[in-house]
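The values are calculated or read from the model by the stated rules, or taken from the named source; none is laboratory data. Here the structure is a predicted model, which is why all the values come from computation and not from measurement. Cβ placement follows ideal geometry from the backbone for every residue including glycine, while neighbour counts extend to all protein chains displayed. Side chains are part of the model used for accessible areas, which takes the heavy atoms of the whole protein and leaves out ligands, DNA and RNA. Shrake-Rupley method; radii C 1.70, N 1.55, O 1.52, S 1.80 Å.
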Amino acid sequence: DVVETQDHYKSRWRSIWIMYLTMFLSSVGFSIVIMSVWPYLQKIDPTADASFLGWIIASYSIGQMVASPLFGLWSNYRPRREPLVISTAISVAANCLYAYVHVPHSHKKYYMLTARALVGFGAGNVAVVRSYIAGATSLTERTSAMANTSAFQAVGFILGPVFQTCFTLIGEEGVTWKFLCLQLNMYTAPVLFGALLGVINIILIFAIFREHRVDDMGRQYKSINSDGEGNDVLDQNTEGSIDHVAVVALNILFFVILFVFAVFETIATPLTMDMYSWTRKEAVFYNGIILSVIGVESVIVFMVVKTLSKKTGERAILHAGLLIVLVGFFILLPWGKKLPNIQWQEIKNNSIPRTAPSEMLVPFWSLAELQLLSNHTAEPVGCPVTQSWCLNTPMIYLAQYISSDVLIGLGYPVCNVMSYTLYSKVLGPKPQGVYMGWLTASGSGARILGPVFVSQIYTHLGPRWAFSLICGVVVVSLLLLEIVYKRLIAFSVRYGRMQE
């Protein structure tokens, strides 16, 4: 056995911290403009509608889904510095493109779509980050390192909107530099700040990052990615095949975890507007506070789970996390008898028959009342009559919603960390770039399909159907976990090189 030197240990962990920073900046790149995309889109291109906004939001995840396996494959055969620098440079260029989408004379919305897709493509380096951390940590270090990675990612998602809020002080007009054709305002300043952070990240990768590999016992050894800078001295014994049943199962579980959380994020604003008659401004403000609190809760969970996993093991904690998520969505099912307020209910003096089927709605409105409805200047609040389920589905009480938020905010980070940790341990010493790329791609796919699921099921069938189906999906994932439970063990444990 070759004992790791102090210099090697310090260099290895400095490189891991650079990976934490890269993960943080990747999530900041997504969230720093998420609150301002819609008003900026309306400003630069009035022809864009809400459906096109959906494509712009989804384009980030589509770009990441395409790029993750490609960058992962690249990192398997070449020094990881290469895909890390190239991917970050793509994100920097994409942010600069976003800042200049006002310049073209037409089709500005498509330039914005391209910019966000390229930012997502650059974020495909998440697969490289996680594969490096998996290979640069021993089994005893792995859970803690993966938890830290997810914590930095979560903090990035939290701080992105905070940065955006700070830049609103610049105002919508801001400052125009004609010689650069640049408008520095509340919409462009955040992405330029993100580009600056990306440049700093590239400099740090060149200055500090070094390739290091250790086996599951923590012994250093040579890697296929070695660029001659490290002191790795052992060749790793990689004999033995990967348990592909466990790999596929963990990909499915990770898809489900990201899918249900994407549904949860997407449903928050329309659900609270329908159930509690909140205005758009109130829904964004209150849900922003709730999601910020959940983000802080997630960071705390990431820190706690590192210690807890040493006592109970990752599989048991993943099982518990899925159960918590199941309870969180089960609580969201409508149970009471009180119905939500209907939009424009005051026009009929509360006389809308709540039990009327959707096809009978039109006769209840006179021509004069419909004219009054169309001329009404106030923002309509409550559950819209166009959603027929509003007339017969009980409301979800605020206490239910808050309780569900707390539980899902507890269960999701647990499942996220444990699935990544188990995945990296099952893969063992084999090059993990492509496998991590597929895992990241499955998560990106879930973030694309989640909002589509909500827009269809919730809008047409209501919360009872939407949350019942989610509960069913989580139950199936729990059954899958039970089936493969004994196979979710570390590669070295499976081949008797280490004790579990």
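Points to keep in mind about this one:
- Pairs, first more than 14 Å from Phe157 (Cα to Cα) and in the same structural domain as Val406 (by the TED database) in the range 283-296, second surrounded by 16 or more Cβ atoms within 10 Å (Cβ to Cβ) and of a type in the set (S, T, N, Q), C-beta under 8 Å, six or more apart: Ala283/Thr269; Ala283/Thr272; Val284/Thr269; Tyr286/Thr272; Asn287/Thr269; Asn287/Thr272
- Matching residues, the range 185-208, being over 26 Å from the mean Cα position of the chain (by Cα) and either within 30 Å of Glu173 (Cβ to Cβ) or open to solvent by less than 10 Å² (accessible area, probe 1.4 Å) (or both): Asn185
- Total residues in the range 160-183, condition aliphatic (A, V, I, L, M) and buried (at least 17 other Cβ atoms within 10 Å of the Cβ): 1
- Here Ile32, Ile56, Ile18, Ile62 are screened, and the one residue that is modelled with pLDDT of 85 or more, open to solvent by less than 20 Å² (accessible area, probe 1.4 Å) and assigned by the TED database to the domain that holds Ala117 is Ile18.
- Note on the range 442-500: among residues that are farther than 30 Å from Trp389 by Cα, modelled with pLDDT under 85 and small (Gly, Ala, Ser), the one that is farthest from the chain's Cα centre (by Cα) is Gly496.
- The residue that is farthest from Pro384 (Cα to Cα), counting only those in the range 260-302 that are part of a helix (DSSP H, G or I) and among the polar types (S, T, N, Q), is Ser298.
- Residue ID - modelled with the highest pLDDT, chosen from residues in the range 1-15 that are in a helix (DSSP H, G or I) and open to solvent by 60 Å² or more (accessible area, probe 1.4 Å): Arg14
- The range 27-49, residues that are without any contact (Cβ under 8 Å) to a residue 12 or more places away in the chain and in a loop (DSSP other than H, G, I, E, B): Pro46, Asp49
- Residue in the range 127-136 that is touching a helix residue (DSSP H, G or I) at 6+ places or on another chain (Cβ under 7 Å), surrounded by fewer than 24 Cβ atoms within 10 Å (Cβ to Cβ) and not in a helix (DSSP H, G or I) present: yes
- Filter result (in contact with a helix residue (DSSP H, G or I) (Cβ under 9 Å, 6 or more places away or on another chain) and exposed (fewer than 15 other Cβ atoms within 10 Å of the Cβ)) within the range 308-322: Lys310, Thr312, Ala316
- Lone qualifier among Ile205, Ile224, Ile252, Ile257 - being more than 30 Å from Ala466 (Cα to Cα) and either at pLDDT 70 or above or in a helix (DSSP H, G or I) (or both): Ile205
- Residue-level analysis places Glu314 outside the set of residues that are under 18 Å from the mean Cα position of the chain (by Cα) and among the charged types (D, E, K, R).
- Considered as a group, the residues in the range 52-86 that are of a type in the set (S, T, N, Q) and more than 26 Å from Thr168 (Cβ to Cβ) include one that is farthest from the chain's Cα centre (by Cα), and that residue is Asn76.
- Condition check for Val155: over 30 Å from Val434 (Cβ atoms), in the same structural domain as Ser61 (by the TED database), buried (at least 19 other Cβ atoms within 10 Å of the Cβ) and in contact (Cβ under 8 Å) with a residue 12 or more places away in the chain: no
- Selection count, the range 101-115, where residues are touching a helix residue (DSSP H, G or I) at 6+ places or on another chain (Cβ under 8 Å) and within 17 Å of Met186 (Cα to Cα): 3
- Residue in the range 75-82 that is modelled with pLDDT under 90, of a type in the set (S, T, N, Q) and not in a helix (DSSP H, G or I) present: no
- Annotation note: of Leu422, Leu410, Leu373, the sole residue that is at pLDDT below 50, of a type outside the set (Val, Ile, Thr) and not assigned by the TED database to the domain that holds Ala147 is Leu373.
- One residue from Val175, Val128 being at negative phi and touching a Lys or Arg at 6+ places or on another chain (Cβ under 6 Å): Val128
- Looking only at the range 137-152, and only at residues there that are crowded, with 21+ Cβ neighbours inside 10 Å and within 18 Å of the chain's Cα centre (by Cα), the one that is nearest to Ala262 (Cα to Cα): Ser150
- Candidates Val85, Val101 - the one that is part of a loop (DSSP other than H, G, I, E, B) and either open to solvent by 50 Å² or more (accessible area, probe 1.4 Å) or not basic (Lys, Arg) (or both): Val101
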